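Quick notes on the structure that follows.
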Amino acid sequence: MGLSCQVLHVFEVDSASVESALHQVLSRHGCSLSASEPVDASTRDRQANSSSPPAYIVGPSLGRWTPVIDLHAQPWPGELCTELSRACSSLVLAIMVHDDSVMYYNLDEKGMSIDGYSSNPQYFEKERISESVAASQHHTPERFEPVLPPGKVVADLLAILNAGWWQAHDQGRLDADGMVTEEDMNACPYAVESDRMISLGAFLELGGPTAEYPFAHWRESREIDGSRYRFLQYRSRRGLLDRLLRRHA
């Protein structure tokens, strides 16, 4: 199994406000906060492997973005992205990597989806997808233009996103099953999709203007100062009520 991870980034909203918005969103999903504690070397492994979703690690603002590490993808990060963008009245980018084989992102603003991306729309499909389906899943990175760091241009962002499947698709080089040929696969600069995630994060300066992007491999990263991050654990209020009812039955 390759790496799987999901991280959300909130634009120009401080970490305390992001935490408050996260509480609002999870409350609407029937969950309440059960633990809030700093992250440190002695607790990071336990927190990272928390067996009770939902659970998150919220970091400090890094440049213009505040990170939210989603430990369990429950609720689904795309849904959380939409709801958190509404609660924060801001832009939220959710980046997800599955088994280091495909990368997705959702870009939402104030509760509205404004862009989405899959590095390989064919990945979970048994038959070749139609051109109309491919067109419906095509990304529009121009949506990022208002928040690009100084000196960055959409054309360079597009190069990061299109490398691999999309480039082969646009140039008519996919095989009969809609997959990238071995030649094109070897030519892609991203051997695994976490590499693409790191490249995207560095380009958008999601880890700050002078730092690399540490969140694809955040469990092992030495660039993350855990003392500036908080672990938030939630529990289902319905589950607690059910336990109380069983206790008194």
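The values are calculated or read from the model by the stated rules, or taken from the named source; none is laboratory data. What you are looking at is a predicted structure, and each value in this text was computed from that prediction instead of being measured. Cβ: placed from backbone, ideal geometry, glycine included. Neighbour counts: every protein chain shown.
Computed values, structure above
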{"read-out": "Residue 168 vs. criteria part of a helix (DSSP H, G or I), crowded, with 20+ Cβ neighbours inside 10 Å and without any contact (Cβ under 8 Å) to a residue 60 or more places away in the chain", "value": "yes"}
{"read-out": "The stretch 96-128: number of residues that are part of a loop (DSSP other than H, G, I, E, B) and either under 15 Å from the mean Cα position of the chain (by Cα) or closer than 17 Å to residue 144 by Cβ (or both)", "value": "5"}
{"read-out": "Enumeration of residues in the stretch 181-217 that are assigned to a loop (DSSP other than H, G, I, E, B) and touching an Asp or Glu at 6+ places or on another chain (Cβ under 6 Å)", "value": "181, 192, 214"}
{"read-out": "Pairs, first free of Cβ contacts under 8 Å to residues at least 12 places away in the same chain and farther than 12 Å from residue 116 by Cα in the stretch 132-152, second assigned to a helix (DSSP H, G or I) and not aromatic (Phe, Trp, Tyr), C-beta under 8 Å, six or more apart", "value": "145/154"}
{"read-out": "Residue tally, condition in contact with a Pro (Cβ under 9 Å, 6 or more places away or on another chain) and surrounded by fewer than 18 Cβ atoms within 10 Å (Cβ to Cβ), over the stretch 25-52", "value": "1"}
{"read-out": "Residue match in the stretch 183-192 (condition: modelled with pLDDT of 95 or more and within 28 Å of residue 84 (Cβ to Cβ))", "value": "yes"}
{"read-out": "Of all residues making up the stretch 49-72, the number that are touching a helix residue (DSSP H, G or I) at 6+ places or on another chain (Cβ under 7 Å) and among the hydroxyl-bearing types (Ser, Thr, Tyr)", "value": "3"}
{"read-out": "Filter result (surrounded by 16 or more Cβ atoms within 10 Å (Cβ to Cβ) and either closer than 23 Å to residue 221 by Cα or of a type in the set (S, T, N, Q) (or both)) within the stretch 1-24", "value": "3, 5, 6, 7, 8, 9, 10, 11, 15, 17, 18, 19"}
{"read-out": "First in the stretch 203-224 and surrounded by 14 or more Cβ atoms within 10 Å (Cβ to Cβ), second anywhere and modelled with pLDDT of 95 or more and among the hydroxyl-bearing types (Ser, Thr, Tyr), Cβ under 7 Å, 6 or more apart", "value": "206/213; 207/213; 216/194; 217/194"}
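For (1) of a type in the set (A, V, I, L, M, F, W, C); (2) more than 15 Å from residue 204 (Cβ to Cβ); (3) crowded, with 17+ Cβ neighbours inside 10 Å; (4) touching a strand residue (DSSP E or B) at 6+ places or on another chain (Cβ under 6 Å), each residue gets a yes or a no:
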position: 79; (1), (2), (3), (4): no, yes, no, no
position: 91; (1), (2), (3), (4): yes, no, yes, yes
position: 102; (1), (2), (3), (4): yes, yes, yes, no
position: 130; (1), (2), (3), (4): no, yes, no, no
position: 133; (1), (2), (3), (4): yes, yes, no, no
position: 136; (1), (2), (3), (4): no, yes, no, no
position: 149; (1), (2), (3), (4): no, no, no, no
